[in-house]
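First the structure, in the form of structure tokens, and then the observations on it.
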Amino acid sequence: MPTLTKLYTMQEASQHNTKDDCWIVVDNKVYDVTSYLEEHPGGDDVVLASTAKDATDDFEDAGHSESARELLESFCIGELDTSAPAIPELEISSKKQYAQKVMNLTKQYWTVPIAVVGISVVVGLLYLRKK
């Protein structure tokens, strides 16, 4: 019979990224390692740098021992909900939308290039006049 565990989205897990509230995600499992930060042999900065993202590669690259892996399991609070998008607010815009934004900015700030050209012409004329 499967065990029921709480599901967390990456967005939820990424909100816990301070010394007072630190969660990491390793192998699609969510761990609350807040109480272990001060005891971590590599220092709390190493763990804090692995928050708000999938820390599996960081954990594996560090070459943790089997006892470290067992200790990590004691901090497990749930699993990562892989059905939820990692970045839900990601907006994909088309070239048409981009072109419209550029046109709007151009209409709004049309005086800037005109002023630059105008000042360049005046400075050029003054320079040529002195020669």
Tell me, yes or no, whether the range 92-105 has at least one residue that is under 24 Å from GLN15 (Cα atoms) and either touching a Leu at 6+ places or on another chain (Cβ under 7 Å) or open to solvent by 50 Å² or more (accessible area, probe 1.4 Å) (or both).
-> yes
Pairs, please: C-beta under 8 Å, at least 6 apart or cross-chain, first residue among the charged types (D, E, K, R) and in the range 38-67, second surrounded by 11 or more Cβ atoms within 10 Å (Cβ to Cβ) and assigned to a loop (DSSP other than H, G, I, E, B)?
-> ASP44/LYS19; ASP58/ALA49; ASP58/SER50
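Residue by residue, here is whether (1) outside any helix (DSSP H, G or I); (2) at pLDDT below 95 holds:
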{"residue": "TYR31", "(1), (2)": "yes, no"}
{"residue": "GLU60", "(1), (2)": "no, yes"}
{"residue": "SER83", "(1), (2)": "yes, yes"}
{"residue": "ILE87", "(1), (2)": "yes, yes"}
Of all residues in the range 1-14, which are surrounded by 12 or more Cβ atoms within 10 Å (Cβ to Cβ) and either at pLDDT 95 or above or of a type in the set (Ser, Thr, Tyr) (or both)?
-> THR5, TYR8, THR9, SER14
For the subset of the range 33-50 comprising residues that are part of a helix (DSSP H, G or I) and touching a His at 6+ places or on another chain (Cβ under 9 Å), which member is least open to solvent (accessible area, probe 1.4 Å)?
-> VAL47
Are any residues in the range 3-29 more than 15 Å from the chain's Cα centre (by Cα) and part of a loop (DSSP other than H, G, I, E, B), and if so, which ones?
-> THR3, LEU4, THR5, LYS6, LYS19, ASP20, ASP27, ASN28
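The values are calculated or read from the model by the stated rules, or taken from the named source; none is laboratory data. Just so it is clear, the model here is predicted, and its values are computed rather than measured. Heads up, the Cβs are rebuilt from the backbone with ideal geometry, glycines too, and the neighbour counts pull from every protein chain shown. Protein only, heavy atoms only, side chains kept; ligands, DNA and RNA dropped before computing areas. Shrake-Rupley method; radii C 1.70, N 1.55, O 1.52, S 1.80 Å.
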